[in-house]
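Reading through the structure tokens given below for one structure.
The values are calculated or read from the model by the stated rules, or taken from the named source; none is laboratory data. Model, not experiment: these values are computed from the prediction. When we count neighbours, we look across all protein chains shown, and the Cβ atoms used for this are built from the backbone with ideal geometry, even at glycine. Calculation scope for accessible area: heavy atoms of the full protein, side chains included, ligands and nucleic acids excluded. Shrake-Rupley method; radii C 1.70, N 1.55, O 1.52, S 1.80 Å.
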Amino acid sequence: MLLERIHLVIEQVVFDSESYIKDKVLHISKQDLENVAADEAFSKIEFELACPGEKCRIVNMGDIVQPAIKLGEGESTFPGVVDKLGIVGSGSTLMLDGVVISETVEVKLPLASMMETSEAVAEMTDFAKMIHIVIDAFPGEGVSKESYMDALHKASKRLAKFLASLAMGLEADYTENFTLECDGLDGLPKIAYLANLFCHAPYQETTVYGGGMIDSLPTIIHPNEILDGALTNKNYNNSINADPTFVWQNHPIILDLYSRHGKDLNFVGVVLNNAHHIVETKQRNASMAAALVAKQLKAEGVIITKEGGGHPQVDVGFETDILEGKYGIKTSILFTEFLSPNNDSNGQLLIKTKHADAIVSTGCFTIVEFPPVDKVIGHIPQIAADGKPQSDLSGTLAIKNRTLQGCESQLGWTYYGSQKF
Amino acid sequence: MADKLRVVHYINQFFGQIGGEDAANSEIIVEEKPIGPGIGINSMLAGRGEIVATIICGDNYIAEDLDAVTEKVVEIVKQYEPDIFFAGPAFNAGRYGVACGSVCAAVKKQLGIPAVTAMFEENPGREIYAPDICILKAADNARRMAVELKKMVAFGLSLYDGTIEYDPEKEGFFERGWMILKRHEERASMRAINMLMDKMANRPYKTEIPMQIEEKIPAPAPLTNLAESTIVLITDGALCPQGNPEGMKTSTSTQFHVYSTEGKDSLTKEEYTCVHGGFDTSYVLADPNRLVPLDALRKLERDGVCKVHNAFLSTSGLTTPVTNSINIAKGMIEYVRNHGIDAAILTST
């Protein structure tokens, strides 16, 4: 299974009367975007730009997605969300770099994230280094919150496909190839990746080909499928505990494993599991996920991640015990240390098992304060670190670090960890 | 020089050259110059700062009324408007170590300036005050005083300059049980791959989140006579009367609440609500007995199976630091012991 990702780098985005790309400048017509994004759930759609270096704040955010389109007859882009169902991960995909589609959500969300594009913020998140084309869609009268969020989730992916389509026929800046089939794998340690999604409730889920895994058994998925838009972020009700679609498209563990595949390790594949509510189901799924890693992928080592809050640690604990205890497969785990907001270094684990002895921290709590900004995109007050909605949208804003998109990533997309003292 | 850092130093009667155990009751004396180890501190400050006052206090004098004498010391420190405060080093002297920890913690908290002390790891002052302040590791005796003083000065200056890295191994202080956000050279994803590869190859590696697994809690002895036993219901599901009259927190709890069930056969949805911030509460709101099963327990009581305590205890178990949880549990245990209760049923979410 060979996936070719063809990249065009965009350095500037301007609104224009027509949509096209020339000399690394993406010209977009608001009318074109509106036509693509239109949905009967929306009463009005606006588009705004937030550019690196600009003192701009995007509030009450949903997803962030990288423009991408599958090339070739009959191919589906973001299957199950945008196009009819089809398996992605092979063939060619055209992507735009340097620019993302971002959502501001015009209904109140319980745990919403946000973004700023000033230089200071670029120290904390790579998203501040990208140009955000923000869709600001308003719910129509009588439209339920759920219908609105569903429409927004789909509209941003349609926009991502549309923008990438503008690059068709243009000269690429660079191309990446991903395949697990290669020479020289014999004798290299076989490493798998086990991703525990957090599909807890509708709109609090990471979707796989458009659907959540709330009642799913674990499954094997090819890493190329994840890099090619099979997974999308639909965590509107728990945005700060999930990574946006962009991070799934650029999954750090998958990309880093690929970078060493055939060199010092043999990347044997990915298992997706879901962190269920009930202990018995957690045990069933952990057992099955571990068996897939051991018996199907025949891995000797596995990296495990989770999403969501505290209890998915339990799923990781069960998996680790079975993988290490039953199958003798070595594990390393990524956890974010956010269980104790007082940064008590002994209070971050719900699980107690001798097998979980190789854990990477993806960061702990800190409060980040932003000075006033010149421009705000979105209209719902951001929830500040004190739990209260911000009264002045453009004023000084103190937030928890995980509220900032891309500052805390349970998939390991950041350079953060914690220093115990 | 106007920009020289002002430094105040706290020492005991022995290092203050007043006397040994015979002078341990001596009250606070202030000298506006370096004394004893302070002379070393002064020279190691190398012109960046100087000791403007030395506070000498008898070990017994402060130990016998720690909080009040600490307050007196802080008041004196305040008058000198220092930039940095040093105490000790206390080595393995127990009363002196507790005094150094107490005054440093108070100075740090009340004056917000760097407060530095050093002691031996077995000094009781370390265990009491390490959560509050950075305590440098020192030997158990004063043989290598110059080395200890040099570390204290360097550490005090790094605190003052804001260059401290909070790395206990590198900077030589006792781990305090806290953490801060840290930026690594390598991305978290790659660190996880490296750690796994090291583990598989039996190379040394260090987990970034150590697991505490030493705690073993033995199961209590079973009840011998259930019919004569009083049972209490305890929940971390944040059930409370409508309107949440005591203002129970929805998360990060620091206390538990007691709600009487005197004369009640069950908990009605009209009377009770749930303020937990971390789960779908709709089933509980529809029938609070699902969370705190008073209805079932009352039936058992009527059937003579057991007795029921006429109140339930409630807190919100969500993002609660372990230290808070332990304190809440201690309070609950005290309540249970004081109310003739024999057993508890804990219901969670």
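Brief remarks on what is shown
- Taken as a whole, the condition of being β-branched (Val, Ile, Thr) and under 19 Å from the mean Cα position of the chain (by Cα) applies to B:ILE128.
- Any hit, segment B:125-140, residues being within 14 Å of chain A (Cβ to nearest Cβ) and out of contact with any strand residue (DSSP E or B) (no Cβ under 8 Å at 6 or more places or on another chain): yes
- Which numbered condition A:ARG260 fails, given (1) within 12 Å of another protein chain (Cβ to nearest Cβ); (2) in contact (Cβ under 8 Å) with a residue 24 or more places away in the chain; (3) not aliphatic (A, V, I, L, M): (2)
- Given (1) in contact (Cβ under 8 Å) with a residue 12 or more places away in the chain; (2) of a type in the set (Lys, Arg); (3) closer than 30 Å to A:THR179 by Cβ, number of the condition A:LYS84 does not satisfy: (1)
- Members of segment B:1-57 found to be basic (Lys, Arg), assigned to a loop (DSSP other than H, G, I, E, B) and closer than 23 Å to B:VAL74 by Cβ, listed by number: B:LYS4, B:LYS33
- Scanning segment B:207-227 for any residue that is more than 30 Å from A:ASP264 (Cβ to Cβ), touching a strand residue (DSSP E or B) at 6+ places or on another chain (Cβ under 7 Å) and more than 11 Å from chain A (Cβ to nearest Cβ) turns up at least one such residue.
Residues are listed down the side, and each one gets a yes or a no for (1) farther than 30 Å from A:ASN60 by Cα; (2) surrounded by 23 or more Cβ atoms within 10 Å (Cβ to Cβ); (3) within 13 Å of chain B (Cβ to nearest Cβ):
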| site | (1), (2), (3) |
| --- | --- |
| A:MET168 | yes, no, no |
| A:CYS182 | yes, no, no |
| A:TYR193 | yes, yes, yes |
| A:ASN196 | no, yes, no |
| A:GLY212 | no, no, no |
| A:ILE220 | yes, no, no |
| A:SER239 | no, yes, no |
| A:THR245 | no, yes, no |
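- Test for A:ILE380: is it over 24 Å from A:ASP344 (Cα atoms) and either more than 14 Å from the chain's Cα centre (by Cα) or surrounded by fewer than 23 Cβ atoms within 10 Å (Cβ to Cβ) (or both): yes
- Inspection of segment B:305-320 finds no residue satisfying the criterion of being open to solvent by 60 Å² or more (accessible area, probe 1.4 Å) and without any contact (Cβ under 8 Å) to a residue 60 or more places away in the chain.
- Number of positions in segment A:54-66 that are surrounded by fewer than 20 Cβ atoms within 10 Å (Cβ to Cβ) and over 24 Å from A:ALA384 (Cβ atoms): 0
- Residues of segment A:278-324 classified as more than 14 Å from chain B (Cβ to nearest Cβ), of a type in the set (Ser, Thr, Tyr) and either touching a residue at least 12 places away in the same chain (Cβ under 8 Å) or in contact with an Asp or Glu (Cβ under 6 Å, 6 or more places away or on another chain) (or both), total: 1
- Any chance B:LEU267 is farther than 30 Å from B:TRP178 by Cα and modelled with pLDDT of 95 or more: yes
- Flag for B:THR250 being touching a Lys or Arg at 6+ places or on another chain (Cβ under 6 Å), more than 15 Å from B:LEU291 (Cα to Cα), of a type in the set (S, T, N, Q) and in contact (Cβ under 8 Å) with a residue 12 or more places away in the chain: no
- Residue tally, condition open to solvent by 10 Å² or more (accessible area, probe 1.4 Å) and within 14 Å of chain B (Cβ to nearest Cβ), over segment A:390-402: 2
- Within the set B:VAL103, B:VAL98, B:VAL107, the sole residue that is closer than 27 Å to B:LYS4 by Cα, within 19 Å of the chain's Cα centre (by Cα), in a helix (DSSP H, G or I) and free of Cβ contacts under 8 Å to residues at least 40 places away in the same chain turns out to be B:VAL107.
- Members of segment A:403-421 found to be at the interface with chain B (Cβ under 7 Å from one of its Cβ atoms) and either acidic (Asp, Glu) or surrounded by fewer than 22 Cβ atoms within 10 Å (Cβ to Cβ) (or both), listed by number: A:TYR415, A:GLN419
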